Amino acid sequence: MNVWMDECIDKRKTQICFGGHRCVAGRGFCRLDDYAPVSTWRRIKLQLAMAAIHSLKLKAFDCTAAYLQTHLKKELYVRLLHGLVELLGGDKDNVWKVNQALYGYPVASALWYQKLFTYLKEYGFFQLGNSATLFILPKAPGLILLNVYSDDGLGATDSEQTWQDLMQDFKYKFDLEEKDADDFLVCGIISGCGIIQDESGAIHLDSSKYVREMLVKYDVDRAVCSPLPMPERTIVCMPDDDDESDDQRTNLFQQISGWNFSRSLLRPELQFYAAHFCKVVSRPTEEHMGLARQVLMYLKGTVHDKLTFRPAGCDGFTVAYVSLMSFSDSDWACEVDTCRSHGCHVVMFAGAAIAWRNKTQKSVMLSTAAADY
């Protein structure tokens, strides 16, 4: 509700949600019917890398109230809140029939994806590889790479006319709003992360805004910067049984660890430390809290670091540097309590990392060769 200085109501706005938490799987809906694929950071980075390599222009759109644009396949009846029923002047014993899918209904996301996927397939899009959310349209006079995340879409095209034809037909079937490319990630997945495409063709995936907000939240914005996320050869393991746990410290450490893990999806160097913190989130010590703060101090000094995807010839990058490359490595028996090894890999494309992983191996390796291969 917007109220101006003269206390006159300018606009009323409300969002009606379905009480999906009361639906019982197997009775109110089937688990096979509520699945809807969601785009991942790996697919988004792959799309940005391909857009940079082939000099594609980024586009974005947002479908307004997407679930309400979907019709239900089965009859559904609900009871309204008693206060709302009295406000509308209805009988509190009446039930209402729902025609469109509401937010909160477990099957709504699957119905929306089925409707969107059917439209894209009829328009001429094909799924790229085994991805359920990344599509390609090889249509003259240009092509379109389209990544769908719920009701948001991020596109890349080499023909403005092809994109406008798609938007014109799209708006005829759906209620949507075109946006700038950076609005897709600012509003869609993780707050504060935007896309910047400059005139040279380079595409930057920047999360500095969100990092600065978190540094202020955890009172590290005025701290001294750390050159490393963690001291060399630091061992992170569960404390002894006689160590007392602190609920306030545990809650704070879990918040920082979760935020650090989300940042590791965009910062490859944080993946190792995020994996270590996840092992001690149930009972962190003061030493663990100090290590978590040091990671924040490291991020303060590297707040402007970002992933940059470049085409060949941009900033001195040759074809060999922007081609697909992968690297892998492992240590040997670095875990003090389990003697297991860590393995990691990173995949580079368009001069930047598009996929990486750090994982503790499932069994104990008896040699460095076995740990590597």
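Which is in a loop (DSSP other than H, G, I, E, B), touching a strand residue (DSSP E or B) at 6+ places or on another chain (Cβ under 8 Å) and not assigned by TED's automatic domain parsing to the domain that holds Trp41, of Leu266, Leu228?
Details: Leu228 fails: touching a strand residue (DSSP E or B) at 6+ places or on another chain (Cβ under 8 Å).
Exactly one residue qualifies, and that residue is Leu266.
Filter segment 128-150 for residues that are aliphatic (A, V, I, L, M) and farther than 19 Å from Ala110 by Cβ and give the result.
Taking segment 128-150 as the starting set, the residues that turn out to be aliphatic (A, V, I, L, M) are 128, 132, 134, 136-137, 140, 143-146, 148.
If the condition is that a residue be aliphatic (A, V, I, L, M) and farther than 19 Å from Ala110 by Cβ, then Leu128, Ile136, Leu137, Ala140, Leu143, Ile144, Leu145, Leu146 are the ones that fit.
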Top-ranked residue of segment 94-136 - restricted to ones that are farther than 23 Å from Arg42 by Cβ and among the hydroxyl-bearing types (Ser, Thr, Tyr), ranked as surrounded by the most Cβ atoms within 10 Å (Cβ to Cβ): Tyr105
Given (1) out of contact with any strand residue (DSSP E or B) (no Cβ under 9 Å at 6 or more places or on another chain); (2) in a helix (DSSP H, G or I), where does Cys237 come up short, assuming only one miss? (2)
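Take segment 57-76 and flag every residue that is farther than 29 Å from Ile203 by Cα and touching a residue at least 24 places away in the same chain (Cβ under 8 Å). Working first, answer last.
Let us first name the residues in segment 57-76 that are farther than 29 Å from Ile203 by Cα, namely 65, 67-76.
The answer is Ala65, Tyr67, Leu68, Gln69, Thr70, His71, Leu72, Lys73, Leu76.
Select, from Lys73, Lys139, the only residue that is at pLDDT below 85, basic (Lys, Arg), in the same structural domain as Gln197 (by TED's automatic domain parsing) and loosely packed, with under 12 Cβ neighbours inside 10 Å.
Working: Lys139 fails: loosely packed, with under 12 Cβ neighbours inside 10 Å.
Among Lys73, Lys139, only Lys73 is at pLDDT below 85, basic (Lys, Arg), in the same structural domain as Gln197 (by TED's automatic domain parsing) and loosely packed, with under 12 Cβ neighbours inside 10 Å.
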So is Leu145 more than 12 Å from Thr70 (Cα to Cα), in contact (Cβ under 8 Å) with a residue 60 or more places away in the chain and not in a helix (DSSP H, G or I) or not? yes
Which residue out of Ser282, Ser326, Ser330 is polar (S, T, N, Q), surrounded by fewer than 20 Cβ atoms within 10 Å (Cβ to Cβ) and within 17 Å of Met50 (Cα to Cα)? Ser326
I'd like the residue in segment 301-342 that is within 26 Å of Lys359 (Cα to Cα) and of a type in the set (Lys, Arg) and, out of all such residues, is farthest from the chain's Cα centre (by Cα). Arg340
Kindly evaluate Pro229 against the criterion of being surrounded by 18 or more Cβ atoms within 10 Å (Cβ to Cβ), touching a helix residue (DSSP H, G or I) at 6+ places or on another chain (Cβ under 9 Å) and closer than 23 Å to Arg357 by Cβ. yes
For Gln255, work out the one condition from (1) at pLDDT 90 or above; (2) of a type outside the set (Ser, Thr, Tyr); (3) in the same structural domain as Gly142 (by TED's automatic domain parsing) it doesn't fulfil. (3)
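Could you identify the single residue in Arg249, Arg212 that is touching a Gly at 6+ places or on another chain (Cβ under 9 Å), of a type in the set (Lys, Arg) and modelled with pLDDT of 85 or more?
On the way: Arg249 fails: touching a Gly at 6+ places or on another chain (Cβ under 9 Å).
None of the other options fit; the residue is Arg212.
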May I ask you to verify whether Leu32 is modelled with pLDDT under 75 and exposed (fewer than 14 other Cβ atoms within 10 Å of the Cβ)? no
List the residue pairs whose Cβ atoms are under 8 Å apart, where the first residue sits in segment 323-341 and is under 29 Å from Pro239 (Cβ atoms) and hydrophobic (A, V, I, L, M, F, W, C), the second is modelled with pLDDT under 80 and in a strand (DSSP E or B), and the two are 6 or more positions apart or on different chains. Cys334/His342
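Which of the residues spanning segment 59-83 are assigned to a loop (DSSP other than H, G, I, E, B) and not hydrophobic (A, V, I, L, M, F, W, C)? Break it down stepwise before answering.
So in segment 59-83, the residues assigned to a loop (DSSP other than H, G, I, E, B) come out as 64-65, 70, 72-76, 79-81.
Hits for segment 59-83 are Thr64, Thr70, Lys73, Lys74, Glu75, Arg79.
The values are calculated or read from the model by the stated rules, or taken from the named source; none is laboratory data. What you see is a predicted model, and the numbers here were worked out from it, not measured in a lab. Here Cβ is always computed from backbone atoms with ideal geometry, including for glycine, and neighbour counts include all displayed protein chains.
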